[in-house]
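Coordinate-derived values only; no laboratory data. In this text, all values refer to a predicted model and were calculated from it rather than measured experimentally. For neighbour counting, all protein chains shown are included, and Cβ atoms are generated from backbone atoms with ideal geometry for every residue, glycine included.
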Amino acid sequence: MKEIDADLVCLLNNDIKVQSGWMPPVIDHFIKNENTVIAQPHLMDLNNPNKFEYAGAAGGYIDRLGYPYCRGRIFKELEEDDGQFDTDKKIFWASGACFFIRLQEFRSLGGFDANFFAHQEEIDLCWRAFNEGFETMSISTSKVYHLGGGTLRPSYQKSFLNFRNSLFLLYKNLPEKVFFRIFERMIWDGVAVFYFLIKLEFRLF
């Protein structure tokens, strides 16, 4: 990213499959909407192309406790694409599996925060863009197909990073009541701790 000379950059995971025609709708949106800084296609499941994919689906949001979620996914259940999200939509975060960003704004925002290392650094970037008044969009007429877990397999380290980085998002980006909100959030993380214990997942515990 430091070496690229372009107005618009696409960050694309190595486990994404693209098809002809996926890029023009996104570029056209950026041309017509100057306030859009980040945009993602709809992410579909490579192994089940009629369903949305876990890591981004039809665009991401975040709840008041900092838990990220997506249109097209309820917990681990993935929705069939029946056209229910066939409109371009303002979202809170775009999936790092595949998103476009204006390079000038990427640099002015400071790029990715290396303290995250992996997981949710794209949510942090989108949150900072939101705080600056920029828009992140989901483009319904563009679709890509994500293998999911093709780069990083499930592991205890992955779970650790997801829990830790989600708290870091709140600490870094919440405008007010930071410690109260983190305390409230950690109560629910505590519920997850005992869930892992009941399932005898001692390393996750």
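So here's what we get for this one:
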quantity	calculated
Loop GluC sites (Glu not before Pro), the stretch 2-81 (other Cβ atoms within 10 Å of the site Cβ: 10 or fewer; DSSP)	3, 34
Relative contact order for the chain, counting Cα pairs under 8 Å that sit 6 or more residues apart, in percent	28
Value at 222 nm in deg cm²/dmol, rounded to 500, when DSSP H runs of n ≥ 4 in the chain each add -39,500 (n - 2.57)	-10000 deg cm²/dmol
Cα-based equivalent ellipsoid, the stretch 67-119: semi-axes from gyration tensor eigenvalues, Å	27, 16, 8
Neighbour net charge for residue 205 - beta-carbon separation under 14 angstrom, K R +1, D E -1	0
All-pairs Cα distance distribution in the stretch 94-151, expressed in whole percent, bin size 5 Å	4, 15, 27, 24, 18, 10, 2
Cα-centre dipole for the chain with unit charges at Cβ (Lys and Arg positive, Asp and Glu negative), debye to 20	640
Between the stretch 64-126 and the stretch 1-60, the alpha-carbon center distance in angstrom	11
Restraint check, 76/143; 90/172; 143/199; 17/177; 51/90; 51/172, Cα-Cα greater than 30 Å	143/199; 17/177; 51/172
Ranked list, fewest to most other Cβ atoms within 10 Å of each Cβ, for 87, 136, 141	87, 141, 136
Relative frequency of Cα-Cα separations exceeding 27 Å in the chain, percent	31
